[in-house]
1. If I go through region A:117-171 residue by residue, how many of them are among the aliphatic types (A, V, I, L, M), within 14 Å of chain B (Cβ to nearest Cβ) and in contact (Cβ under 8 Å) with a residue 12 or more places away in the chain?
2. Restricting the search to region A:366-393, which residues are surrounded by fewer than 23 Cβ atoms within 10 Å (Cβ to Cβ) and hydroxyl-bearing (Ser, Thr, Tyr)?
3. Does residue A:101 meet the test of being in contact with a Phe, Trp or Tyr (Cβ under 8 Å, 6 or more places away or on another chain), open to solvent by less than 30 Å² (accessible area, probe 1.4 Å) and touching a residue at least 12 places away in the same chain (Cβ under 8 Å)?
4. Kindly check whether there is at least one residue in region B:61-80 that is closer than 13 Å to residue B:138 by Cα, modelled with pLDDT of 90 or more and open to solvent by 10 Å² or more (accessible area, probe 1.4 Å).
5. Would you mind listing the helices (runs of 4 or more DSSP H) fully within region A:280-387 where at least 3 residues are hydroxyl-bearing (Ser, Thr, Tyr)?
6. Within region A:51-71, track down each residue that is under 24 Å from the mean Cα position of the chain (by Cα) and open to solvent by 30 Å² or more (accessible area, probe 1.4 Å).
7. Looking at A:288, A:342, A:295, A:346, can you tell me which residue is free of Cβ contacts under 8 Å to residues at least 60 places away in the same chain, over 30 Å from residue A:82 (Cβ atoms) and open to solvent by 80 Å² or more (accessible area, probe 1.4 Å)?
Amino acid sequence: MLTRAERRRGIGWGLLSLIGIGLFVGIAIVALLSFDAGNTQSRLFTAYTGRILRFTLLQAVLSTLLSVVFALPVALALARRPRFPGRVWVIRLMALPMGLPVLIGALGLIGIWGRQGVMNSLLLKLGLEQPVSIYGLSGILLAHVFFNLPLAARLLLAALERLPAEYWLLSSSLGMKPFSVFRFIEWPAARRVIPGIAGLIFMLCATSFTLVLVLGGGPAATTLEVAIYQSLRFDFDPPRAIALSLLQIGITALILIAISLFPAPDDSGITAGRATRRFDGRTWPARLWDTCAILLATAFLVLPLASIAAAGVHANLWNLATSPAFLRAAWTSFVIALSAGLLAVLTSLAIIAGRGAVADMKRAGGTARTFSISLGGMSSLVLLVPPVVLGTGWFLMLRPFGDVARFAPALVAIINMLMALPFVMRVLAPALETHRKRTARLSASLGLSDFSRAWRIDLPVLAKPLLTALSFAMALSLGDLGAVALFGSSELTTLPWLVYSRLSSYRTDDADGLALILGIICLALTMIGTAGRREAGHG
Amino acid sequence: MADGIVLKKVELKLGTREFRFDCAVPAGAVTAITGPSGSGKSTFLNLVAGFETPDRGHILIAGEDVTGKHPSERPVSLVFQDNNLFAHLDLATNIGLGINPSLKLSGNDRAAISQALERVDLSGFEKRMPGTLSGGERQRAAFARALVRKKPVLLMDEPFAALDPGLRLSMAGLLIDLHRETGNTVLIVTHDPNEVGRLADHAIFIDRGQILLQAPAEEFLARRDIPALAEFLSG
């Protein structure tokens with residue numbers, strides 16, 4: 001359907017993005033490998049790296065387990081109560097932590113579960129002595145559950161709601177008791193998606209950086225990512241950073257391979273209490289159980305958010321928002337986020353164009369197919385090589401050329417772009433494909449020129465998904481602390497970095513206020529994103 | 001003839017749609033429920049099955065008032081157009097759930113399952129998964145479950161609509177045979193006038209939530225004085 005020129009251009013764009021991303025990631029890895037290689041090997045398996053590795057895996061396993069185990073009753077309750085008052089809002093609330101900058105969530109959790117937090121003073125009154133510590137392993141687990149329980153619950157709920165409506169009619173007509181319904185209907189449906197969900201959460205927790213940085217304490221509670229950062233930033237021990245980076249890549253590669261064996265979970269088909277009708281669970285114990293599950297989960301999610309809002313309002317927002325430090329950081333963040341967002345959208349478009357050109361060939365040879373597959377892989381390369389590792393590589397690469405801080409904003413923007421790429425691709429690729437399917441023949445037969453086609457046919461339809469993708473990418477970049485952590489300084493201060501440094505210097509009032517502002521910006525951007533995505537799903 | 005199912009001045013409002021049903025369905029016979037799409041055929045069936053509760057009026061099955069009863073407490077078996085079997089459970093389990101919803105089965109129960117499968121020409125299919133069966137075989141397995149449940153009333157919502165025409169004929173034959181053996185009361189929702197002639201002793205015509213005609217099948221198929229029915233019968 002494409003003209004020869006169009007196909008050539010598509011391949012060209014694809015090739016450009018492939019080379020660009022390949023070079024950026026490749027140089028980082030080469031820099032890691034070539035730096036003082038002899039020394040690194042001996043550092044790869046020491047008692048220290050062994051301890052870090054063990055803790056990384058331990059906390060990831062426990063976080064995954066707790067998230068899924070607690071998400072299951074919540075999802076079951078929500079599925080069984082399609083008319084629960086405020087159900088739509090509970091489900092929307094569960095989408096919130098995904099758009100919330102991790103650092104902000106951590107602050108909220110400290111507000112509730114911290115030493116002076118609501119929960120501990122409550123437990124103290126009940127006669128217990130500081131039973132929950134927000135720092136160390138328990139704090140990391142708490143935070144990971146806060147971010148991943150809602151994710152797991154949403155995915156489980158979607159799986160339950162995809163079951164045919166007849167199943168519920170049949171089960172009630174056959175007289176199945178709650179345990180039978182669980183055993184014969186709900187659990188088999190959940191069991192199919194749990195491996196995929198657990199894999200996803202394990203990946204997120206094994207590569208979690210910000211939460212561990214803020215809540216982890218010392219070498220006893222440090223993950224690979226944070227250890228890499230500390231090796232460079234505090235100890236300046238590049239061989240150790242490199243050894244840890246290589247371990248990190250090895251671990252993520254293993255996890256990615258394991259995940260690819262299971263079907264990918266998705267939350268499409270989740271309803272806002274549509275026609276699903278359930279006739280089971282009408283007894284009082286069942287009602288009570290479901291209500292408790294939903295209310296407890298809601299409270300668990302709402303309280304930290306409310307704590308951010310409450311603490312933020314106490315801070316002098318106006319003074320903060322007009323302070324030069326804030327304005328400078330906001331401007332830096334905005335420039336980086338906008339560059340990262342635009343770059344991510346453009347790169348996605350180039351990748352999609354390249355894959356489209358290959359798909360359009362009548363006889364795509366092995367080279368063309370390899371090209372198309374590597375383009376697909378490129379978009380999620382950042383999952384394999386995490387931001388801190390990329391940052392470390394470039395840090396070592398650029399150090400001989402002078403002050404790394406000069407290159408830092410560009411590096412942070414590119415790393416943010418790579419982090420956003422998988423999400424942006426997931427929004428844009430289906431939208432573009434549908435659009436091409438609808439219009440390709442017609443446009444080709446009308447012989448529309450490139451410009452008028454882009455202006456009259458493509459832009460009006462694609463404006464929304466493009467905006468969605470851009471706002472997603474910008475929210476991600478605005479809230480990210482991982483990429484900036486290595487380079488953050490008085491010269492390069494983004495909003496999350498400002499929050500983090502205020503937190504480190506115990507100016508928590510400022511941190512709370514800034515967190516509230518940043519949280520609201522990011523959530524607003526994510527809301528633009530999800531609203532657009534939901535409509536795209538209907539088309 | 002005794003009344004199998006009675007809807008006594010039943011009224012129900014769903015959103016903006018109102019339904020009024022007042023009728024008696026004869027026991028031990030096959031009654032077809034027909035009407036244009038959206039007329040209320042399935043709502044009628046849902047009222048009998050207990051998936052809808054009337055705002056006013058009473059529903060009696062075999063002389064017993066079941067108006068406020070949960071679906072599981074009503075003496076009925078169900079066959080839908082599709083998804084009659086839990087896709088992740090084998091046929092023996094699917095049918096066994098019809099005998100005991102916690103799947104506590106005795107040796108006799110297992111024998112009954114095998115016999116029922118044999119009766120619907122699926123002998124030896126105990127361990128087969130629904131996904132490996134054809135559409136007709138899946139509906140026959142649903143019949144087998146209805147058989148083992150031994151309930152006096154069988155409710156079917158367009159059970160053959162997803163099958164091709166040749167298969168519909170043989171399935172109708174099987175249904176008639178099973179009906180003769182069990183003597184149960186059958187309500188079958190259908191939008192196919194041929195199926196009324198093929199299967200039913202009686203027929204009910206519903207239009208816009210009201211019963212316009214209830215008559216023996218021959219009379220029903222010959223009537224031309226009700227415009228909506230005439231249009232339905234002419235296809």
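The values are calculated or read from the model by the stated rules, or taken from the named source; none is laboratory data. Bear in mind the structure is a predicted one, so any value in this text is a computation, not a measurement. Backbone-built Cβ (ideal geometry, glycine too); neighbour counts: all protein chains shown. Ligands, DNA and RNA are excluded from the accessible area calculation, which covers all protein heavy atoms including side chains. Shrake-Rupley method; radii C 1.70, N 1.55, O 1.52, S 1.80 Å.
1. Total satisfying the criteria: 5.
2. Once the filter is applied, which keeps residues that are surrounded by fewer than 23 Cβ atoms within 10 Å (Cβ to Cβ) and hydroxyl-bearing (Ser, Thr, Tyr), region A:366-393 yields A:367, A:370, A:372, A:374, A:380.
3. Criteria not met by residue A:101.
4. Yes, some residue in region B:61-80 is closer than 13 Å to residue B:138 by Cα, modelled with pLDDT of 90 or more and open to solvent by 10 Å² or more (accessible area, probe 1.4 Å).
5. Where helices (runs of 4 or more DSSP H) fall fully within region A:280-387 and carry at least 3 residues being hydroxyl-bearing (Ser, Thr, Tyr), they are A:284-314, A:324-360, A:366-378.
6. Answer for region A:51-71, where residues must be under 24 Å from the mean Cα position of the chain (by Cα) and open to solvent by 30 Å² or more (accessible area, probe 1.4 Å): A:53, A:54, A:57, A:58, A:61, A:62, A:65, A:66, A:69, A:70.
7. A:346
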